[in-house]
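The values are calculated or read from the model by the stated rules, or taken from the named source; none is laboratory data. No experiment lies behind these values; they were computed from the predicted model shown. Ideal geometry is used to build each Cβ from the backbone, glycine not excepted, and the neighbour counts take in all protein chains shown.
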Amino acid sequence: MYSLGEYRVSMGKLTDTKISEKNLTTVPKPVRNFLDTGAGDRIEWHVEDGRVVVRTDGEG
């Protein structure tokens, strides 16, 4: 479930990524497009009710 302002959108599994040896991963293009983010933008990672939620910096 993704948060867009006050709206919640369930898109199901878009893709998967692998965590590197340095604990890095790539934000998949469909997610970047949905969040309207790109190189240099910041995103926030939250854990809410047992789910990981990704938000753009300053959202909600």
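Taken as a whole, the condition of being modelled with pLDDT of 80 or more, of a type in the set (Asp, Glu) and surrounded by 10 or more Cβ atoms within 10 Å (Cβ to Cβ) does not apply to residue 16. When 9, 47, 52 are screened for being in contact with a strand residue (DSSP E or B) (Cβ under 8 Å, 6 or more places away or on another chain) and modelled with pLDDT of 90 or more, only 47 passes.
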